[in-house]
Ligand SMILES: Nc1ncnc2c1ncn2[C@@H]1O[C@H](COP(=O)(O)OP(=O)(O)O)[C@@H](O)[C@H]1O
Ligand SMILES: [Mg+2]
């Protein structure tokens, strides 16, 4: 059953990435697709943290900010290749998640939500105020990744939109594969155990704070890479990437699709990424819509859209 | 007998806002021995278990595991040293399968590096396979092998009790604390659990049992400790304890009167 969920998710996702372009009315949709994949990656991290480890972060956009600004700053200031800057950002995010999570996750309850909220605000403030380094709220240019040019010399000539679509699609596939590996692994089982009964998890020898910390660090890396990809494909980034609204967006996408399921999270990311593109009014009322989605899902589809539908189809749980 | 006890309690006590839930309780359990703790509801039996297994920090006294002071260690560290338990109010992982519940008891043996898990490396898969084989053998032992793939939440109460025992067994316990393993079970299930406990004890595990079924307690215990209002009011072998006037007054009498 687990194997089939994993295989089905990966195959479905691969088919989607490969086949969706056949139906694109214009090149613009490659860009929308790439955005969906980038958001899907961040939300996959939320699934690990919230869906499996049962912890809530309200500052995950902070890690996206670190990933994004690593790609903007490291190449310019330290001559690091933008591709390597993705890893640098991920490492910094992981370290920060470790430092913030270690003391907080020893406490019972939802202190991580509060601590991460503060952390996110702090990161956002630094990005806005350290103008000498980040150029502040106006944003900053991000260097070219350069992979497209390499592919071109190798004979694969993609438009910018196509390149980012397929590149982000591949990274999302990789991210989904890793998350699904985790789900079926001993660590993943331990995560689900602590979600089921923390007391029982401890009495079977699971080091609960440590496990939650691992989940937080892993999910921070997902958010960071997602931020890096966003910055690199836009070739420009503003501190909004680290803003509170972006954190809320990630959580809402996960909750909408189904916070316990990778496929659901990607679906949620797709819906809430597409919506503003289709309905321009959405942009104006984004906060309102996100809030509404949250409330409606909580009332009508506690598990999120995708698991609820699967349950209907199979007549049972996942 | 001169065997060193696997579990030794020395003057264990805890207070909740002025209430002495457990006060100055001492006794020992040797390898292969079944010691039962009896007493009316609210006597402090579960609280005693919670202190021994690290869920509550004792206000006074010591817990020794194979001679070593393990007082107030975290539950997961105690579990790793072989202090394992089941719960009065079941604590199974409802949404996991029966098999996965028991595999989770192998967490220590099966968990290696997170990185190996993330990348699904052979080391990770090998550990998972070993854990699964062990878990299936344990399920067979408690008679749940046919339910292995079912969602744990769908099992009957009696089956869940046995599932918890199997999960605790997966940790290779030195000391096994069983909190009302036969509560809510029918006569047949009770007898099965009865046999199971005797079998586990025979393999050298020290068993501390809380159980309301007096017939079962009298049948399988080597030694009985009687608690009332958090205090140890009597102890001895089943025959001695059942004759003790204080015990009859505090507990057995009330039980008999209630039918
Ligand atoms: N966490 C707690 N906080 C306050 N009082 C508690 C707590 N746990 C147990 N008690 C109290 O301690 C006493 C013993 O309870 P318990 O150990 O559950 O009894 P038993 O298992 O023998 O029925 C009861 O009066 C109970 O209300
Ligand atoms: Mg009790």
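A compact table of results
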| item | result |
| --- | --- |
| Average other protein chain Cβ within 10 Å of Cβ, residues B:73-80 | 5 |
| Residue of A:126, A:199, A:293 that the Gaussian network model of chain A assigns the largest fluctuation, springs spanning Cα pairs under 10 Å | A:199 |
| Folded to 0 to 90 degrees: helix B:187-202 orientation relative to chain B principal axis, Cα | 80 |
| 222 nm mean residue ellipticity, helices alone, for chain B (DSSP H n ≥ 4; -39,500 (n - 2.57); rounded to 500) | -11000 deg cm²/dmol |
| In degrees, nearest ten, helix B:157-169 long axis to first principal axis of chain B (Cα) | 70 |
| Global form of the range A:8-60, assessed from the alpha-carbon gyration tensor, a/c cut-off 1.5 | oblate |
| Exposure proxy order (Cβ contacts within 10 Å, fewest to most) of A:246, A:77 | A:77, A:246 |
| By average C-beta atoms within 10 angstrom, highest first, the peptides B:219-230, B:158-169, A:221-232 | A:221-232, B:158-169, B:219-230 |
| Residue exposure sequence - B:185, A:168 - by fewest surrounding Cβ within 10 Å | B:185, A:168 |
| Rg/Rh for the protein assembly as shown, where both radii come from Cα atoms and Rh is the Kirkwood radius | 1.07 |
| A:177, A:78 arranged by Cβ crowding within 10 Å, fewest neighbours leading | A:78, A:177 |
| Antiparallel %, DSSP beta bridges [both residues in the protein assembly as shown], to 5 | 60 |
| Cα-based convex hull volume of the range B:164-259 per residue, rounded to whole Å³ | 110 |
| Paired Rg and Dmax values of the range A:1-114, which use every Cα atom, in angstrom | 17.8, 51 |
| Average beta carbon contacts from partner chains per residue of A:187-198, 10 Å cutoff | 6 |
| Among beta bridges that DSSP assigns inside chain B, antiparallel share in %, nearest 5 | 55 |
| Centroid-to-centroid separation of the range B:65-96 and the range A:18-91 [C-alpha atoms, Å] | 41 |
| Estimated D of chain B in µm² per second, where Rh is the Kirkwood radius over Cα pairs and Stokes-Einstein applies at 25 °C, 0.890 mPa s | 129 |
| Mean shadow area of chain A, taken as a quarter of the surface of its Cα convex hull (nm²) | 17.0 |
| Per-selection metrics, the range B:100-191 (Cα): Rg and Dmax in Å | 14.8, 48 |
| Relative packing of peptides B:10-16, B:208-214 - highest average C-beta neighbours within 10 Å first | B:208-214, B:10-16 |
| Cα Rg, Dmax, the range B:1-114, angstrom units | 15.8, 46 |
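Read-outs throughout are calculated quantities, based only on the coordinates presented, and are distinct from any laboratory measurement. Because the structure is predicted, anything quoted here is derived from the model rather than measured. Reconstructed Cβ throughout: ideal geometry from the backbone, glycine too, with neighbour counts over all protein chains shown.
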